[in-house]
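This report concerns only the one structure given below.
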Amino acid sequence: MQDGTLSILLVEDNALDAELSLEYLRNAGLTFKAERTETREAYQAAIRAECPDLILADYSLPNFDGLTALSIALQECPGTPFIFVSGVMGEEVAADSLKQGATDFVLKQRLGRLVPAVTRALSEASERRDRKQAEDALRQSEERLRLALSTARLGVWELDLSNYHLECSSTCKSNFGLSPEAEFAYNDAWAAILPEDREQVRVRFEQAIAAKSNFQAEYRIRWPDGGIHWALANARVIEGVGDEPVRMSGVTLDITGRKQAEEDLRRQTRELKAANADLAQFAYAASHDLQEPLRTVSIFSKLLAKKYKGRLDTEADEFLEYLESAAQHMSALLRDLLTYTRVPADERAFEWIDLNAVLHRTLYLSRTVVEETMAVITHDQLPCVFGNDAQFGLVFQNLISNALKYRNSRRPEVHVGVQRDQENWVITVKDNGIGFDQAYAEQIFGLFKRLHKGEYSGTGLGLAITKRIVESHGGRIWATSQPGVGSSFCFTIPVAPEDSKPAPEGR
Ligand code: ADP
């Protein structure tokens, strides 16, 4: 049907008879376009051009016959209703035509039956069409679902709770290591689950039925080849008319790969933690235990110097000096190493700390060098943060002492600034010292990394300690510098939600 206009194909040699039939339909209010054919060729051409909505055919024609027209219609346009409209048609012939697939028949002498016959045939055809469309849509969506289930390797199962009959899809069976043809009953499923996992699955299963809720369980199953696989089952309990649980409908998934990956990750984390703990223990013990013999070396080198300085030759005096300064350097190294091993701090020692107070304390402790260098140190109003007070003291001490140590001939100027960057405070310690090549900006945070050996004393651990402290507080640290101009060391600290504003002036 195009534009709501019915298309009727007539098989009729008598033009008047054809017109009469159409008049009946017109009078009943039907709008249509009609084409009359009386030979096989014309009929076939018309039907092949486009399937009509209705075929009205005479039973016997001089050059064609109605039954052949019917069989062609059934082949070419099986959905089109086909009604015989004939002058002579015995009951037997009529019954036979219906058997062969005609929709109806109407005698020309009783054309009054034509309209109800056509109306019924058209409405049945439209119902058939709708049903077919719905069936096609259903078939397509089932096909898509099947494809999705098999791509996701999801097995589908259904359990009848009245007799515990289990239906299991082929993927469901393959999740149990079985072929699609294998017999697989309810008890086989339980038997496949490892005994040590069975109890928890059974408890969840029974709880789900009792509460008519969802069932979910992860468990191991033993495949017929002996292999152990992890499976995940998810199901819904379906209630009957009287609200009693009648069925369980669910899916299974082989999650062996995921479980393996989880287990690998857990093992690696465990190993890493153990290795880290061993390393920290080793570094701590080494730096701690080495201090004792070092102290002896230091004391005796001092005694030697005291007793023999100026009494041996100048070279010997020099050697004694080397010895003493090497002992001092090593002592500083061990002290810094010990400090390094003690970070990350115990989070239980975290508290609200006012960075202004921490900075003032650091400056007070460094007052000798500040005075000696006549440094000008300024700072913004700093925020309160959540962390370890002593460790933030160390951060400022390391950054400020470096800023003063790596000064040039200018009077040192150091500024401690703060900015808010979304979830973080960004604290910057800026100096006007010797600076360094930006290419080394990452390296200097490594253990024992020093760019200015010889000229300046140090252990190469200050920035490594600072980095470790900052990171253990959830921040990061970086540096920018220009030789001869100065350096900026920036580090972040997360802003806690209840501490979203910088500390008020004058604290
Ligand atoms: P060190 O004990 O050598 O000072 P750090 O870990 O504190 O060790 O610093 C590593 C290296 O980074 C230093 O040796 C120095 O070369 C460079 N450095 C650190 N701070 C500054 C700075 N403010 N200006 C220039 N160079 C710096």
Quickly run through segment 421-432 and pick out the residues that are assigned to a strand (DSSP E or B) and either within 11 Å of the ligand (Cβ to nearest atom) or among the small types (G, A, S) (or both). V429, K430
Here is a list of conditions, (1) within 35 Å of the chain's Cα centre (by Cα); (2) more than 16 Å from the ligand (Cβ to nearest atom); (3) surrounded by fewer than 15 Cβ atoms within 10 Å (Cβ to Cβ), and E442 meets all of them except one; can you say which number that is? (2)
Among the residues of segment 236-266 satisfying the criterion of being open to solvent by 90 Å² or more (accessible area, probe 1.4 Å) and farther than 21 Å from L145 by Cβ, which is modelled with the lowest pLDDT? V241
Of the residues that sit in segment 450-489 and are more than 7 Å from the ligand (Cβ to nearest atom) and touching a Lys or Arg at 6+ places or on another chain (Cβ under 7 Å), which one is farthest from V414 (Cα to Cα)? V470
Examine segment 189-209 for a residue that is on the phi > 0 side of the Ramachandran plot and outside any helix (DSSP H, G or I), and state whether such a residue exists. no
Regarding S60, is this residue among the small types (G, A, S), assigned by TED's automatic domain parsing to the domain that holds R128 and open to solvent by 60 Å² or more (accessible area, probe 1.4 Å)? yes
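Within segment 433-444, count every residue that is assigned to a helix (DSSP H, G or I) and either in contact with a His (Cβ under 6 Å, 6 or more places away or on another chain) or more than 17 Å from K405 (Cα to Cα) (or both). Walk me through how you get there before you give the answer.
Step one: of segment 433-444, the residues assigned to a helix (DSSP H, G or I) are 438-440, 443-444.
Remaining after also requiring either in contact with a His (Cβ under 6 Å, 6 or more places away or on another chain) or more than 17 Å from K405 (Cα to Cα) (or both): 438-440, 443.
Within segment 433-444, residues that are assigned to a helix (DSSP H, G or I) and either in contact with a His (Cβ under 6 Å, 6 or more places away or on another chain) or more than 17 Å from K405 (Cα to Cα) (or both) number 4.
Within the bounds of segment 407-415, is there any residue that is touching a residue at least 60 places away in the same chain (Cβ under 8 Å), open to solvent by 50 Å² or more (accessible area, probe 1.4 Å) and either more than 16 Å from the ligand (Cβ to nearest atom) or not acidic (D, E) (or both)? Walk me through it before giving the result.
In the first step, residues of segment 407-415 are kept if they are touching a residue at least 60 places away in the same chain (Cβ under 8 Å); the result is 408.
Filter once more, so that each one left must be open to solvent by 50 Å² or more (accessible area, probe 1.4 Å): none.
No - not one qualifying residue is present in segment 407-415.
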Can you pull out the residues in segment 343-362 that are open to solvent by less than 40 Å² (accessible area, probe 1.4 Å), in contact with a helix residue (DSSP H, G or I) (Cβ under 7 Å, 6 or more places away or on another chain) and within 18 Å of H415 (Cα to Cα)? L355, V358, L359, T362
May I ask you to verify whether L382 is under 19 Å from T492 (Cβ atoms), in a helix (DSSP H, G or I) and in contact with a strand residue (DSSP E or B) (Cβ under 6 Å, 6 or more places away or on another chain)? no
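So that you can scan it fast, the table gives a plain yes or no per residue for (1) within 21 Å of Q397 (Cβ to Cβ); (2) in contact with a strand residue (DSSP E or B) (Cβ under 6 Å, 6 or more places away or on another chain); (3) surrounded by 16 or more Cβ atoms within 10 Å (Cβ to Cβ); (4) touching a residue at least 12 places away in the same chain (Cβ under 8 Å):
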position	(1), (2), (3), (4)
L294	no, no, yes, yes
S301	no, no, yes, yes
G310	no, no, no, no
E315	no, no, no, no
E318	no, no, no, no
L333	yes, no, yes, yes
T341	yes, no, yes, yes
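Could we say that G257 is in a strand (DSSP E or B), of a type outside the set (D, E) and within 30 Å of T171 (Cα to Cα) here?
Details: in a strand (DSSP E or B): no; of a type outside the set (D, E): yes; within 30 Å of T171 (Cα to Cα): yes.
No; evaluated as a whole, the condition is false for this residue.
When you look at L447, is it in contact with a strand residue (DSSP E or B) (Cβ under 9 Å, 6 or more places away or on another chain) and either in the same structural domain as D354 (by TED's automatic domain parsing) or more than 26 Å from L365 (Cβ to Cβ) (or both), yes or no? First the steps, then the outcome.
Values: in contact with a strand residue (DSSP E or B) (Cβ under 9 Å, 6 or more places away or on another chain): no; either in the same structural domain as D354 (by TED's automatic domain parsing) or more than 26 Å from L365 (Cβ to Cβ) (or both): yes.
In short, no.
Looking only at residues that are more than 10 Å from the ligand (Cβ to nearest atom) and open to solvent by 10 Å² or more (accessible area, probe 1.4 Å) in segment 394-406, which one is farthest from G433 (Cα to Cα)? Walk me through how you get there before you give the answer.
Going through segment 394-406, the residues more than 10 Å from the ligand (Cβ to nearest atom) turn out to be 394-397.
So of that shortlist, the ones also open to solvent by 10 Å² or more (accessible area, probe 1.4 Å) come out as 394, 397.
Working: L394: 21, Q397: 16 Å.
Within segment 394-406, the match that is farthest from G433 (Cα to Cα) is L394.
Which of the following residues is surrounded by 17 or more Cβ atoms within 10 Å (Cβ to Cβ), within 39 Å of the chain's Cα centre (by Cα) and not aromatic (F, W, Y): L138, L154, L147, L122? Give the steps one after another, and end with the answer.
Values: L138 fails: surrounded by 17 or more Cβ atoms within 10 Å (Cβ to Cβ); L147 fails: surrounded by 17 or more Cβ atoms within 10 Å (Cβ to Cβ); L122 fails: within 39 Å of the chain's Cα centre (by Cα).
Going through L138, L154, L147, L122 in turn, just one is surrounded by 17 or more Cβ atoms within 10 Å (Cβ to Cβ), within 39 Å of the chain's Cα centre (by Cα) and not aromatic (F, W, Y): L154.
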What's the number of the condition N388 fails, among (1) more than 9 Å from the ligand (Cβ to nearest atom); (2) touching a residue at least 60 places away in the same chain (Cβ under 8 Å); (3) within 19 Å of G486 (Cβ to Cβ); (4) of a type outside the set (D, E)? (3)
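The values are calculated or read from the model by the stated rules, or taken from the named source; none is laboratory data. What you are looking at is a predicted structure, and each value in this text was computed from that prediction instead of being measured. As a convention, Cβ positions derive from the backbone with ideal geometry for all residues, glycine included, and neighbour counts pool all protein chains shown. Accessible surface areas use protein heavy atoms only, side chains included; no ligands, DNA or RNA. Shrake-Rupley method; radii C 1.70, N 1.55, O 1.52, S 1.80 Å.
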